[in-house]
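Chemist: Below is one structure. I have some questions about it.
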Amino acid sequence: VYNSACSTFFAPSDLSGIHGMRREYIRSCPMWRNVGPHFDCIFIVTDPQAEGMSGLDVARVLCFFSFKYQGILYSCAVIHWFDRVGDGPDPATGMWVVRPGYLRRNLQNTAIVHIDTIYHTAHLIPVYAAHNINSTDIRPHRCYDTFHLFYVNKYADHHAFEIAF
């Protein structure tokens, strides 16, 4: 079990790396800086032929792990899927809206994916208008459990802006 993974991706608009290659760390820590858990959200490639959000889904990383099977090492992640709300971005913000995915009987829609399907971190913003907020109860590590709808923030950085359309 690992607490983080490094994602290396091609960013054609940012040639500051080696020929446009960039790197970022994705964290999945049960205790982050002695404050609380830190489970990053990510974009997962679900359709390599499609562009933008048509070929990506959003998930929250719960755990990274690897195992060997018949001499081959497989690096994987346990994820909690987010479901898209609507067929396109929100007209007022231009951002997609997602919600945590659940199966029957209110069970989280979790899966195990190979880490090669992880494309980039995703920054989610809670949709505050749909939820009454008591600021004394909100902790950064509980936001994904407290709120029910999130904007996929394509304005977090220029890499997200290029992929979350």
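Chemist: For the stretch 74-83, what are the residues that are buried (at least 17 other Cβ atoms within 10 Å of the Cβ) and touching a helix residue (DSSP H, G or I) at 6+ places or on another chain (Cβ under 8 Å)?
Modeler: Here is the first cut: in the stretch 74-83, the ones buried (at least 17 other Cβ atoms within 10 Å of the Cβ) are 76-82.
Answer for the stretch 74-83, where residues must be buried (at least 17 other Cβ atoms within 10 Å of the Cβ) and touching a helix residue (DSSP H, G or I) at 6+ places or on another chain (Cβ under 8 Å): Cys76, Ala77.
Chemist: Sticking with this structure for a sec: Name the pairs: first residue in the stretch 18-45 and within 14 Å of Leu124 (Cα to Cα), second residue aromatic (Phe, Trp, Tyr) and at pLDDT below 85, Cβ to Cβ under 8 Å, at least 6 apart or on different chains?
Modeler: Matching pairs, first to second residue: His38/Trp32; Phe39/Tyr144; Cys41/Tyr144.
Chemist: Can you tell which of Phe161, Phe64, Phe147 is touching a Pro at 6+ places or on another chain (Cβ under 9 Å) and among the hydrophobic types (A, V, I, L, M, F, W, C)?
Modeler: Numbers: Phe161 fails: touching a Pro at 6+ places or on another chain (Cβ under 9 Å); Phe64 fails: touching a Pro at 6+ places or on another chain (Cβ under 9 Å).
Checking each option against the conditions leaves just Phe147.
Chemist: For the stretch 27-56, name all the residues that are under 17 Å from His159 (Cβ atoms) and of a type in the set (Asp, Glu).
Modeler: Hits for the stretch 27-56 are Asp40, Glu51.
Chemist: Looking for whichever is modelled with pLDDT under 95 and exposed (fewer than 13 other Cβ atoms within 10 Å of the Cβ) here; the options are Tyr119, Tyr128. Which one fits?
Modeler: On the way: Tyr119 fails: exposed (fewer than 13 other Cβ atoms within 10 Å of the Cβ).
Exactly one of Tyr119, Tyr128 is modelled with pLDDT under 95 and exposed (fewer than 13 other Cβ atoms within 10 Å of the Cβ), namely Tyr128.
Chemist: Among the residues of the stretch 47-73, what is the count of those that are in contact (Cβ under 8 Å) with a residue 12 or more places away in the chain and surrounded by 15 or more Cβ atoms within 10 Å (Cβ to Cβ)?
Modeler: 10
Chemist: While we're looking at this one, here's another question. Tell me which of these Ile133 doesn't satisfy, since it passes every other one: (1) open to solvent by less than 40 Å² (accessible area, probe 1.4 Å); (2) in a loop (DSSP other than H, G, I, E, B).
Modeler: (1)
Chemist: Hey, can you tell me all the residues within the stretch 74-109 that are in a loop (DSSP other than H, G, I, E, B), of a type outside the set (Gly, Ala, Ser) and without any contact (Cβ under 8 Å) to a residue 12 or more places away in the chain?
Modeler: Asp87, Pro91, Leu103, Leu107
The values are calculated or read from the model by the stated rules, or taken from the named source; none is laboratory data. Note that the structure is predicted; figures quoted are calculated from it, not measured. Don't worry about glycine lacking a Cβ; one is built from the backbone with ideal geometry, like all the others, and counts go over all protein chains shown. To get the accessible areas, we keep the full protein, side chains included, count just its heavy atoms, and leave off ligands, DNA and RNA. Shrake-Rupley method; radii C 1.70, N 1.55, O 1.52, S 1.80 Å.
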